[in-house]
Every structure is written in structure tokens, then in C-alpha cells.
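The values are calculated or read from the model by the stated rules, or taken from the named source; none is laboratory data. The structure displayed is predicted, hence computed values, not measured ones. For neighbour counting, all protein chains shown are included, and Cβ atoms are generated from backbone atoms with ideal geometry for every residue, glycine included.
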Amino acid sequence: MSGTHGKSSQPLTKLMLAALGVVYGDIGTSPLYALQEAFNPGGHHPLPVTQGNVLGVLSLIVWSLLVIVTFKYVLIVLRADNHGEGGVVALMARVLARAANSPRKKAIAIALGIFGASLFYGDGIITPAISVLSAVEGLGVAAPALSPYVVFITMCILVCLFLVQKHGTAIVGGFFGPFVVVWFICLALIGVHNILAYPQVLTALSPHHAFLFIASNPHMAFIAMGAVFLTMTGGEALYADMGHFGPVPIRWSWFCLVLPSLLLNYMGQGAMLISHPEVAANPFYLSVPSWALYPVVGIATIATVIASQALITGAYSVSLQLIQLGYAPRMAVRHTSGAQMGQIYMPFVNWTLLVFVLITVLGFRSSGNLAAAYGIAVTLTMLVTSGLAFTLALRDWKWPPALCVLIFAPLACIELVFLASNGMKIKDGGWFPLVFGGAICLILFTWRRGRQLLAEAQKNDDVPLEPFVRMLDGEDIHRVPHTAIFLNPRSNQMPTSLLHNLKHNLVLHECTIFVSVLIEPVPRVPIEDRVEVQTLGKTFRRVYVRFGFMEEPDVPNALLLCKDQGLDFDPMQVSYFLSRETILPSNEIRGMAIWRERLFEFLFRNASSAANFFKLPTARVVELGSRVMI
């Protein structure tokens, strides 16, 4: 099952061009630093630059790209969509829908999804830093006098990149594809230029060089796997960005341009290393002809900015999905394009990423140091994706269990080897994205558990909705004109806001509507299924409003659809009533540790209000508060 949300009507070539600009920026900039990490004499675990080592590493790169990226992601995982959307959170939501009747399986899927999403953020602070820094380092190769300014220039570029996010990427996005095409053509031409000087390097296409390399020095090969993995760090983006274009353009772009260009460039760098071992300090830029160095630095910088842009917008999408599914606090979300739903801007996510990306650049100061920190979070994310995709293949696709094991077990074994190799880099900086991702994971789990405790604490004050409504219909209560809409997260219980309003004001409106917003485990809900109206009494209605986890909830706009189901009201004569709780952490109730309760209280207090999140008209919102002890 796959979908492209209306994009399939566009020409394939146009979709391929757009996919190149969004999907392949990260993996396309890996040649800037991957082989450098393996052979740089100033690196953390440099390999001796010998013909056998170079051919062995190149063979590992070739077959890793073919097995992990091509076979796993391009051919298999791109099938694991959720109504056309991809990514670890969308995959978690689809698995959750299948595990609804199994609390244990549901808990495992949630844990894996939150863990994978947290690691995505850890990757998110490394990718912009290493991509832009590795490109700007080319200035130090072209003009050594500029080397002291590389970090400063990198930080300036990154600050500018994050500053323009609030304006949206709808306009500049159209230019991303052509620039990335130019970049991949440059990669291919540079590779061909160097291969022609040493064509014997093409023998690295044979896997026997990888086996010889591993057999001759297993320890050295194990260390090299960490550098080899850097060539695949953008593989997860193939899946995460699938919803923008659909799987077909992504596959065609990979086979027609991206994979050949990457293989040619890595082969070219390998040829240069064998012929001139002294280029190991920076095999990419030192393999570029001197007359082309400055243009390549410029194109590389643009390509790395594009790679960073794709990850930043991906962070917005993942954050929105987590919020919609109830696993993260509400945050301000702004549309940056009236034509494209996916173009959003989240200020808090943007500035938080910028701060940590700048800290990363200042702390590590070179792409070589950053390469030591890069990889482990991505490897863990890949393992999570493999586990969820295995479940999907077994239960949704109905593949025979033996086939599922035959396919996913070897993939998991390979990824575990990469994980173990990257684990050696924890002390060299790999701890940083793990700590950051772990902090995000703690926040997400604390929020989820806190919401559960809040719901349990409120059960003591629950009043069943329908019996109470029948009682109110029989009471002589003063009615005031117009319509009152009460947002009601627990559809079968009376909203606290109505109880408080009735207790203090002793009035009801001529028409009272209870609105429950439901976030479905699908990316988007068809417009015909958006609202469901139920009659509860003479003057009471209940409305279910459904959104997908990729949609931004606009409740007033959705309620206009109620007219088709016989519920008509003047939107200019409506008052929205909301409940707003004040959390009181306490050791008296069995829940979380007190410090986690205080963390949840802080998150709850600083979350974006329901009025803003659901786009309610500010002048028509009434909030009624209560104090809840957890």
C-alpha cells in the first residue's frame, strides 16, 4: 500500500527532481567526510593507506550501499508506508493500529517509536553541523590562510539557515532539486577524473576485497565499519520523506543518479588514495582538480545547506506527529505556505536545534571530530525501523515467517555490527547525540506517563455525560442566547469547564455542543469523515472531529462541516469553553518520581494552549481552571 497524496499526477521527472532536493541531501554529502574519517592520519582510528585497505574499505562501502540502502530501504522499507507517509513515527502509528487489542505489543511499539524519534533529534543536531562544516573546510584546502575562520563561517551559515526558517521553504525549495543534481554530477565527474588515472580501483566492486580485508585484519575491519557507516547516514531520509513524493520518484532518483554518482566518487577518492596516500587528510577536496576547487566548495556548501534544511523540516514533521499522537507537549505551529500542507514552522523546535547545533560546532570544531560523534544514533534508528518493518511484513503483508526471518535477520546482524563499531566512538564524541536523544526520550516518556496520571486523577471527578445531559434537560435552568462549544477530551464524561460554568454562573446556552478532537493513527482523514454529529438531548449535541497525525487541527473550520449533518450555527455567535488544569506534584499519590512529576508540571504549564493549537478565535474563548494533584 502506498500513496502520494495527489502528487502522482505530476510528471515523474518533476517529482524525481524535487525528491533529489529533499531526500538525498544528507547521503549526498557523505563523500565529504566518510573516507577522510577512515584514513585521516589525524583521526581517532586511522587506517594505514595501503592498496588492500583502500580496496577493502571501498568494497565494504559499495556493498553496504547496495544491501542496506538499496535492498532494505529502497526496495523493502519504502513499502512500509502509513497511507503514503513514512518515517519511524508513521510506522509506529501503523503498527499501533494493528496492536490495538494487545497492550503488550502496543507498549513495545510505542517504546520503539518514541526511542526512534528521540534518536532522530540526536541525529538532527549532528547532521547540519558536520555537513556544513565539512563543506566549508574546503576553503582551508583552497586557501590555508582561511583555516582559522572555518568554524566562524560555518556558524554564520547555520545561523542564517535557521533564521530564514520562519519565512518557509516554499520558494527556495523549488531551487533545491537543480542544485542537488549539479552536486551529484560534480561527484560523478570528480570520481571519473580520478578513476581514469587508476582504473584498477574498480575491482573494489567485487565483494571478495571486503572479505579479504576482514579476514586479514578483523580488528581493523571492525574499526573501519564506523567510517563505512557514514556513507549511509542519509538512508533513513529515504523513508522519512516518502510522503512528500511517493516511493516511485525516490527509487528512480536513487538508481538513475544518486547511487551511480556516489559509487563513482568513492571509487575516485579510493584511486586518489592509492596513487597519492598523502591526500588522506582530506581525500575529497584533494581529489578535486585545483582549477575546480573554489566552484566545488561553493556547490558543496549549497548542497550541505540543503541537507540541513531537509533535516530541519523533518524535525518539524516528527514533532507535529508526536504532538498529534499525544506523546509530546503542544507547541506553536505556523503555516509557511498556503498551497502545501507540509510547509510548517515550529519556533521552539527551530531555536532549540540552532542552539545545540552551534554548541556542537563550537565543541567539536572539525568534521573529523564530528564524524566520531556521528553514526551511533542513526544506527539505532535503523534498527528500530527494521524491527517495526519486520512486524509489518509479518502481520500486514502476510509474508511467511521464514521469509521475514531470512530477510530481516541478516539485515539486523549487519546493523548490529555497525552499531558495535560505532559504539567504539562513544568516548570520542558519540555520547553527545546519545545524551541529547536520551534527554528527549525522557521528556517524551514523562509527558506520556504524566498525561496518564492526570487522566487517572480526574477520574475521581468524572460525571457521565449522557445521564447528566438528560437530567439538565429536565431542570429549569436559565438559558442564554447563542451557542456554547465545550472542548471535551473525554467524550463520555462531562467536561470540567461546563461543570464549573454551571456551578458558578448557573446558566446554560440555547445550544450546547460537546466537541471531542480525535487524532487517528493515519496521516490524513478524508474530509467526508472529518465530523460526526450525535444528538444527546433537546439542546445538547456531541461532535467528534477527526484529524490525521500529519494534519494541523483547525476546529472552527472543521465544525462548519456540521451543517451537512443538520447542526447549523452562526460561527460569529459562538463561545468556546476550555478546561485548564494546574498540576500539583505530590509524593502522596503513587505515580512518578517527584522530579519527573515536576518536569511534567513544567512541560504542562509551558505547553501551547489548546486555544492556539486548535486555532480557536481568541476573542471567543473562555478558560475555566481547576487544580489537579498527581
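Things worth noting here:
- Residue match in the stretch 445-452 (condition: part of a loop (DSSP other than H, G, I, E, B), crowded, with 17+ Cβ neighbours inside 10 Å and either modelled with pLDDT of 90 or more or at negative phi (or both)): no
- Matching residues in the stretch 70-83 - criterion: being modelled with pLDDT of 90 or more and basic (Lys, Arg): LYS72
- If the condition is being aromatic (Phe, Trp, Tyr), in a helix (DSSP H, G or I) and closer than 16 Å to SER516 by Cα, then the stretch 592-625 contributes only PHE613.
- Of residues in the stretch 378-400 being in a helix (DSSP H, G or I) and not hydrophobic (A, V, I, L, M, F, W, C), the one farthest from TRP431 (Cα to Cα): ARG395
- For the stretch 528-572, the tally of residues that are of a type in the set (Val, Ile, Thr) and within 25 Å of MET331 (Cα to Cα) stands at 4.
- Pairs with Cβ under 6 Å, 6+ apart, first in the stretch 124-145 and more than 18 Å from ILE27 (Cα to Cα), second of a type in the set (Phe, Trp, Tyr): GLY138/TYR285; VAL141/TYR285; ALA142/TYR294
- Selection from the stretch 36-70 of residues that are among the aliphatic types (A, V, I, L, M), more than 16 Å from SER366 (Cα to Cα) and crowded, with 18+ Cβ neighbours inside 10 Å: LEU47, VAL49, VAL54, LEU55, VAL57, LEU58, LEU60, ILE61, VAL62, LEU65, ILE68, VAL69
- Residues in the stretch 517-560 that are closer than 18 Å to PRO571 by Cβ, touching a residue at least 60 places away in the same chain (Cβ under 8 Å) and among the hydrophobic types (A, V, I, L, M, F, W, C): VAL517, VAL555, LEU559.
- Failed item in (1) surrounded by 13 or more Cβ atoms within 10 Å (Cβ to Cβ); (2) among the hydroxyl-bearing types (Ser, Thr, Tyr); (3) modelled with pLDDT of 90 or more, with SER579 passing the rest: (3)
- Boolean, GLY21 is outside any loop (DSSP other than H, G, I, E, B) and modelled with pLDDT of 90 or more: no
- Tally, over the stretch 491-535, of residues that are more than 34 Å from the chain's Cα centre (by Cα) and among the β-branched types (Val, Ile, Thr): 6
- Residue satisfying condition, being within 22 Å of VAL417 (Cα to Cα) and modelled with pLDDT under 90, within set VAL88, VAL57, VAL67: VAL88
- For the residues PHE432, PHE436, the requirement of being touching a Gly at 6+ places or on another chain (Cβ under 7 Å) and buried (at least 20 other Cβ atoms within 10 Å of the Cβ) singles out PHE436.
- Of the helices (runs of 4 or more DSSP H) entirely within the stretch 230-323, those holding at least 1 residues that are in the same structural domain as LEU161 (by TED's automatic domain parsing), more than 24 Å from the chain's Cα centre (by Cα) and touching a residue at least 12 places away in the same chain (Cβ under 8 Å) occupy 259-275.
- In the stretch 572-603, the residues that are under 24 Å from MET494 (Cβ atoms) and of a type outside the set (D, E, K, R): GLN573, VAL574, SER575, TYR576, PHE577, LEU578, SER579, THR582, ILE583, LEU584, ILE589
- Cβ-Cβ distances below 7 Å connect no pair with a first residue in the stretch 419-431 that is outside the structural domain of TYR121 (by TED's automatic domain parsing) and without any contact (Cβ under 8 Å) to a residue 60 or more places away in the chain, a second residue that is crowded, with 17+ Cβ neighbours inside 10 Å and in a helix (DSSP H, G or I), and a separation of six or more residues or different chains.
- When SER586 is tested against (1) within 34 Å of the chain's Cα centre (by Cα); (2) surrounded by fewer than 18 Cβ atoms within 10 Å (Cβ to Cβ); (3) in contact (Cβ under 8 Å) with a residue 24 or more places away in the chain, exactly one condition is not met: (1).
- Subset of the stretch 64-99 [of a type in the set (Gly, Ala, Ser) and closer than 21 Å to LEU119 by Cβ]: SER64, ALA80, GLY86, GLY87, ALA90, ALA93
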